[in-house]
Amino acid sequence: MKHLFSLLLVCVLMYSCKKKEDEPTPEETPTTTETPEKIYPDTVWTSSGTGPKLIFKFNFDSTQVRLDAFGNPMNTLPSGHSAYSPKFNQMAAHYIELAPGDMTPLGGGNILYKASETTAGGSTAIQFSKSTVVREGVTFYSIPLSQLTAGASYKWLRLSLSYQNYDIPYKANALPGNHIGTGTVASFLGYKTYVTKYKIKDQDYVPSSSVGGPNVNHPQGYWGFETFINGYGYWKGDGQAPSGSTTVVNPNFANSPIPAGSCVVTAVFTDVNGNPLNLTIPTTPTNDIIVTVSLSTNKSFEFVDPNGDGYYQPETGNEYPVDMGIRGMIPKVQY
């Protein structure tokens, strides 16, 4: 991303004779036809049929406990790293599975959904152009309860997260007053994603040649960044987080391991208060069952921060994202 922000250095020369701002504030973005909260139109995966449904919705919680890959609380950061709790705009999932017990292997439960895949980039990968991307509180999947096995009981939800979009602060030292603004990150969490074009916030973006271009599969951890700076216009760039650096929380890993590089997050079902309970399909359903998938965004954007000032500074070239994984999941069931 360094090359895309190198022009910021020119701004220092342009403004070297001007007084720096004492207290820089984030720049305003221009008015667009889409709100930041609705970068992609909301769509729903749904099975045909009538009657009461099993419904899934996302909730983004920056105060939810921050976990490591094995489900243990993780509040510390490696030396030389900083992290943000981003403002989430949208999320997409690729796979939904209900697992009855601890020993159920991946794929051995009730697979409700698997999104479109393609081999256009070589091996099989998620086809981003057909992904369902939604905001918080919007149904991202539903299925009539009549299509599920009556009386079946499930302990675990397995959800493969494939895409997320959120806002973070950043700092550009090359601009007057050490400019502080807000940028938008689009990051791809799936095992591999075939993405030829995507919208970060206001504009479409094509993967750059530095990450292989648009006609290849991008590994887990590919990301794009966009911001608008008054007087300068749009600044965009992309990059690739190190292999294996994306946290994927699986507290039941010892009993039912998840392949490395996937983003299948697992968690036990709970009631609305967070107490564990099995999701049980009624014999004679009369009401919808709503599962609110609460995702921990607590310091979920982690980046290398050599100077330790706590600001992501993309123009330096030595500050870059290393972990964009969701830090825990609580699927809360409401009958």
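The values are calculated or read from the model by the stated rules, or taken from the named source; none is laboratory data. From a predicted model like this one, the values you see are computed outputs, not experimental measurements. As a convention, Cβ positions derive from the backbone with ideal geometry for all residues, glycine included, and neighbour counts pool all protein chains shown.
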Q. How about the range 227-247: which of its residues are surrounded by fewer than 21 Cβ atoms within 10 Å (Cβ to Cβ), aliphatic (A, V, I, L, M) and either at pLDDT 95 or above or not in a strand (DSSP E or B) (or both)?
A. none
Q. Can you name the residue in the range 254-275 that is touching a strand residue (DSSP E or B) at 6+ places or on another chain (Cβ under 9 Å) and without any contact (Cβ under 8 Å) to a residue 60 or more places away in the chain and is also nearest to Tyr154 (Cα to Cα) among such residues?
A. Gly274
**Q.** Residues (acidic (Asp, Glu), part of a loop (DSSP other than H, G, I, E, B) and either free of Cβ contacts under 8 Å to residues at least 60 places away in the same chain or in contact with a strand residue (DSSP E or B) (Cβ under 9 Å, 6 or more places away or on another chain) (or both)) located in the range 66-115
**A.** Asp102
Q: Of the numbered conditions (1) closer than 19 Å to Leu67 by Cα; (2) touching a residue at least 12 places away in the same chain (Cβ under 8 Å); (3) surrounded by fewer than 19 Cβ atoms within 10 Å (Cβ to Cβ), Thr280 fails exactly one; give the number of that condition.
A: (1)
**Q.** Search result, residues across the range 203-226 that are assigned to a loop (DSSP other than H, G, I, E, B) and either among the aromatic types (Phe, Trp, Tyr) or under 18 Å from the mean Cα position of the chain (by Cα) (or both)
**A.** Pro207, Gln220, Gly221
Q: Kindly indicate which of Thr286, Thr297, Thr280 is within 15 Å of Met329 (Cβ to Cβ) and among the polar types (S, T, N, Q).
A: Thr297
Q: Would you please name the residue that is nearest to Ala186 (Cα to Cα), looking only at residues in the range 304-327 that are aliphatic (A, V, I, L, M) and part of a loop (DSSP other than H, G, I, E, B)?
A: Met324
Q. Are there any pairs, at least 6 apart or on different chains, whose C-beta atoms fall under 7 Å, with the first in the range 240-253 and closer than 13 Å to Gly328 by Cα and the second among the acidic types (Asp, Glu), and if so, which?
A. Thr246/Asp323; Thr247/Asp68; Thr247/Asp323; Asn252/Asp102
Q) When you go through Pro30, Pro41 one by one, which is the residue that is at pLDDT 50 or above and either of a type outside the set (Phe, Trp, Tyr) or in a loop (DSSP other than H, G, I, E, B) (or both)? A) Pro41
